[in-house]
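Undergrad: Pasting in a structure now, in structure tokens, and then I'll have a few things to ask.
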Amino acid sequence: TRVQTVLWSEDDMITILAGSIRHGEFARSVYRLDLADEERRSRFEATDDEDVLGISLSPGGTRALLWTSEGVEVRDYATWDVDTRIEHPDVVHALWQSERRIVVGGRHRVEQVDLGQAGNPATLLAFSQVEQYGYNRDSAAIEVVSYGMRYRLGESGWEEIDELAVREAGVASEEFRVYLENLSSGSYRNMVMVRNVSSFGTDPLFPRPQRRYEPFPAEDDPIDLTNFSHGSRIRRREVSFVFNAIDSVSGLTEILNTLAQYEIRATFFVNGDFIRRHPGAVREIAESGHEVGSLFYTYFDMASGRFQITGEFIKQGLARNEDEYFETTGRELSLQWHAPYYFVNPEIIAASREMNYAYIGRDVDSLDWVPTRDENGLSRLYRGAADIIEAVIDEKRP
């Protein structure tokens, strides 16, 4: 799981907000651990809180904020009981300004709440977004509509009003007219256009965003669908993102969460050793919605002269990996595979073709598997994370 926030009070009460991908969505849970309780200090206990976005400890450590998209709750930190509920539309964040004041930021407005007064009065600090705005026709005061509520900026700050009385927006002068032109593609929904009334011509007020594409090659590379390392070079600008699950689960949750955050569907290859060693992690991969292929039932160097690799051995290894994956996840592997270390020869290609498998090679080796040092000292092939990214960007092709 991904730990988002840790609260640790002076009396050794720990509260953790953590989350993971469930059914394609990021879900958070709250866990508590009382180190001062001899009987309960050995395990975290989950609370009943759901859809929690964040938690925060008060400066004195006696109270905590817990917020969801619908509002904020002030909790007694020792007992976790609710002291106060504050409704606020579409909360994004909350923080303690002092022991008695909090600031609640939502998608529509930001408010300061005074917990030391009866009724917990709120003072509007700012608007996160407004639906309509303008100057009052008579007083020239600014009026806005946010989340269906109307406000006017007076001498003492923002105050609620019953009706909006703003001037009509001016879109024309003696020389120019301005309007919005909708865009069918690109980063923006529309563009501000300026039309010259006194002469001729219409220009965008801001330059249109330019998309830069790498050129397609003049000719396509040959493609072998049974020993596949890349698709067409001249049809689409796409890349396939592949992860090989071989040994450790370190970083797996971070990878799955990041892929979900950016709505990227990747391909994972899992081998039987990994399935047997980490069944929970394999189920997490299977339930994440990514494509999962076979990395054979065990991980070893097929190029070594100590082993005789026959077609029958390849078939049995692929079948055994299918069975172990199904027993662990209740799902079937995709009919794609590659051998450990991407070893390939005509015999294993022919054997896997008989089982309707496509052998998936690699177009770009990220070299992220290279250790910092080898038997000769500092490895010449080793790259840091930033260098790996730059190298992959340079080497990738459509």
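Undergrad: Is there a residue in the range 323-341 that is among the small types (Gly, Ala, Ser), modelled with pLDDT under 95, outside any helix (DSSP H, G or I) and within 30 Å of Asp221 (Cβ to Cβ)?
TA: Checked against the condition, which is being among the small types (Gly, Ala, Ser), modelled with pLDDT under 95, outside any helix (DSSP H, G or I) and within 30 Å of Asp221 (Cβ to Cβ), the range 323-341 yields no hits at all.
Undergrad: Let me ask something additional. From (1) among the aliphatic types (A, V, I, L, M); (2) over 22 Å from Glu332 (Cα atoms); (3) under 27 Å from the mean Cα position of the chain (by Cα), pick out the condition that doesn't hold for Val192.
TA: (3)
Undergrad: While we're on this one: Within the range 93-113, track down each residue that is out of contact with any Ser or Thr (no Cβ under 8 Å at 6 or more places or on another chain), open to solvent by 20 Å² or more (accessible area, probe 1.4 Å) and in a strand (DSSP E or B).
TA: His93, Arg101, Val103
Undergrad: Filter the range 208-249 for residues that are open to solvent by less than 60 Å² (accessible area, probe 1.4 Å) and among the basic types (Lys, Arg) and give the result.
TA: Arg233
Undergrad: Just give me the residues in the range 1-34 being modelled with pLDDT of 90 or more, open to solvent by 40 Å² or more (accessible area, probe 1.4 Å) and in a loop (DSSP other than H, G, I, E, B), in sequence order.
TA: Listed by number, the residues that qualify are Glu10, Asp11, Asp12.
Undergrad: Answer yes if at least one residue in the range 141-148 is open to solvent by 40 Å² or more (accessible area, probe 1.4 Å) and closer than 30 Å to Thr84 by Cα, and no otherwise. So that I can check it myself, show each step before the final result.
TA: So in the range 141-148, the residues open to solvent by 40 Å² or more (accessible area, probe 1.4 Å) come out as 142, 147-148.
Retained after the next criterion (residues that are closer than 30 Å to Thr84 by Cα): 147-148.
Yes: the range 141-148 contains one or more residues that are open to solvent by 40 Å² or more (accessible area, probe 1.4 Å) and closer than 30 Å to Thr84 by Cα.
Undergrad: Further question on the same structure: Go through the range 127-158 and report how many residues are under 21 Å from Asp90 (Cα atoms), in a strand (DSSP E or B) and not hydroxyl-bearing (Ser, Thr, Tyr). Reasoning before the result, please.
TA: As a first pass, look at the range 127-158 and keep what is under 21 Å from Asp90 (Cα atoms): 127-133, 144-151, 158.
Checking the rest, the ones that are also in a strand (DSSP E or B) come to 127, 132-133, 144-146, 149-151, 158.
Those left that are additionally not hydroxyl-bearing (Ser, Thr, Tyr): 127, 132, 144-145, 149-150, 158.
The number of residues fulfilling the criteria is 7.
Undergrad: Residues that are modelled with pLDDT of 95 or more and open to solvent by less than 60 Å² (accessible area, probe 1.4 Å): which helices (runs of 4 or more DSSP H) entirely in the range 250-322 hold 2 or more of them? It would help to see each step written out before you state the result.
TA: On the way: elements: 252-261, 272-277, 279-287.
By residue number, 272-277, 279-287.
Undergrad: If a residue must be modelled with pLDDT under 90 and hydroxyl-bearing (Ser, Thr, Tyr), how many such residues does the range 147-169 contain?
TA: So the answer is 2.
Undergrad: Return only the number of the condition from (1) farther than 30 Å from Pro207 by Cβ; (2) in contact with a Phe, Trp or Tyr (Cβ under 7 Å, 6 or more places away or on another chain) that Val171 does not satisfy.
TA: Exception for Val171: condition (1).
Undergrad: OK, next. Exactly one condition in (1) surrounded by fewer than 16 Cβ atoms within 10 Å (Cβ to Cβ); (2) under 29 Å from the mean Cα position of the chain (by Cα); (3) in a loop (DSSP other than H, G, I, E, B) is false for Val52; which is it?
TA: (1)
Undergrad: Same structure again: For the range 354-398, name all the residues that are of a type outside the set (Ser, Thr, Tyr) and assigned to a strand (DSSP E or B). Quick ask: steps written out before the conclusion?
TA: First pass over the range 354-398, keeping only residues of a type outside the set (Ser, Thr, Tyr): 354-356, 358, 360-365, 367-371, 373-378, 380-381, 383-398.
Scanning the range 354-398 gives Ala358, Ile360, Arg373, Asp374, Gly377, Leu378.
The values are calculated or read from the model by the stated rules, or taken from the named source; none is laboratory data. Fair warning: this is a prediction, and the values are worked out from it, not measured in the lab. All Cβ positions, glycine included, derive from the backbone under ideal geometry; neighbour counts span all protein chains shown. Each accessible area value is taken on the protein alone, full model and side chains, heavy atoms only, with ligands, DNA and RNA left out. Shrake-Rupley method; radii C 1.70, N 1.55, O 1.52, S 1.80 Å.
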